[in-house]
1. For the stretch 58-67, which positions are open to solvent by less than 80 Å² (accessible area, probe 1.4 Å) and farther than 21 Å from residue 5 by Cα?
2. Which one of these does residue 48 not meet: (1) open to solvent by 50 Å² or more (accessible area, probe 1.4 Å); (2) among the hydroxyl-bearing types (Ser, Thr, Tyr); (3) farther than 30 Å from residue 110 by Cβ?
3. Based on what the data block shows, is residue 49 small (Gly, Ala, Ser) and over 19 Å from residue 4 (Cα atoms)?
4. Test each condition in (1) over 26 Å from residue 113 (Cβ atoms); (2) in a strand (DSSP E or B); (3) open to solvent by less than 40 Å² (accessible area, probe 1.4 Å) for residue 31 and report the one that comes out false.
5. Consider residue 12 carefully, then state whether it is in contact (Cβ under 8 Å) with a residue 12 or more places away in the chain and surrounded by fewer than 13 Cβ atoms within 10 Å (Cβ to Cβ).
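The values are calculated or read from the model by the stated rules, or taken from the named source; none is laboratory data. Source: prediction; values computed, not measured. Glycine gets a Cβ as well: all are built from the backbone with ideal geometry, and neighbour counts include every protein chain shown. Heads up: the accessible areas ignore ligands, DNA and RNA and are worked out on the full protein's heavy atoms, side chains in. Shrake-Rupley method; radii C 1.70, N 1.55, O 1.52, S 1.80 Å.
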Amino acid sequence: MSGGGAVLDHTVHVMDLMNWFTGSLVETVYAYADTMFDPEGTRTIDDSGMVHITFANGVYGVIDPSWSRNPGFPTWGDVTMEVIGTRGVISIDAFNQKNNVYSRKSGKGEWSFWETT
């Protein structure tokens, strides 16, 4: 209904963020898409996939744009991102409204929260 499958639906926005974070152009891409999470067999478009990216500056990333969360999952959509660097890790969960930051500088986990109105 959105005009594309899971890979088209999810990848465009995450790739925009990855381009912004890395400040680099994409050098290589490997992607795979399929229909794997449709027990009734009614979908005619991909609902799962993996996208592997290598940037010109040597940074690499992986995107899982799958519609793999079943109705029992606690939040709709599961929009998460992890950025792993040499000085720490940040885990972002858009629907949980919390960022987890693990840095070498502080030596411990830190959390920041936000609310929507």
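1. Once the filter is applied, which keeps residues that are open to solvent by less than 80 Å² (accessible area, probe 1.4 Å) and farther than 21 Å from residue 5 by Cα, the stretch 58-67 yields 58, 59.
2. Going through the list (1) open to solvent by 50 Å² or more (accessible area, probe 1.4 Å); (2) among the hydroxyl-bearing types (Ser, Thr, Tyr); (3) farther than 30 Å from residue 110 by Cβ, residue 48 breaks only (1).
3. No; evaluated as a whole, the condition is false for this residue.
4. Going through the list (1) over 26 Å from residue 113 (Cβ atoms); (2) in a strand (DSSP E or B); (3) open to solvent by less than 40 Å² (accessible area, probe 1.4 Å), residue 31 breaks only (3).
5. no
To keep it simple, each residue is scored yes or no on (1) under 15 Å from the mean Cα position of the chain (by Cα); (2) assigned to a loop (DSSP other than H, G, I, E, B); (3) modelled with pLDDT of 80 or more.
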site: 41; (1), (2), (3): no, yes, yes
site: 44; (1), (2), (3): no, yes, yes
site: 58; (1), (2), (3): no, yes, yes
site: 66; (1), (2), (3): yes, yes, yes
site: 71; (1), (2), (3): no, yes, no
site: 83; (1), (2), (3): yes, no, yes
site: 107; (1), (2), (3): no, yes, yes
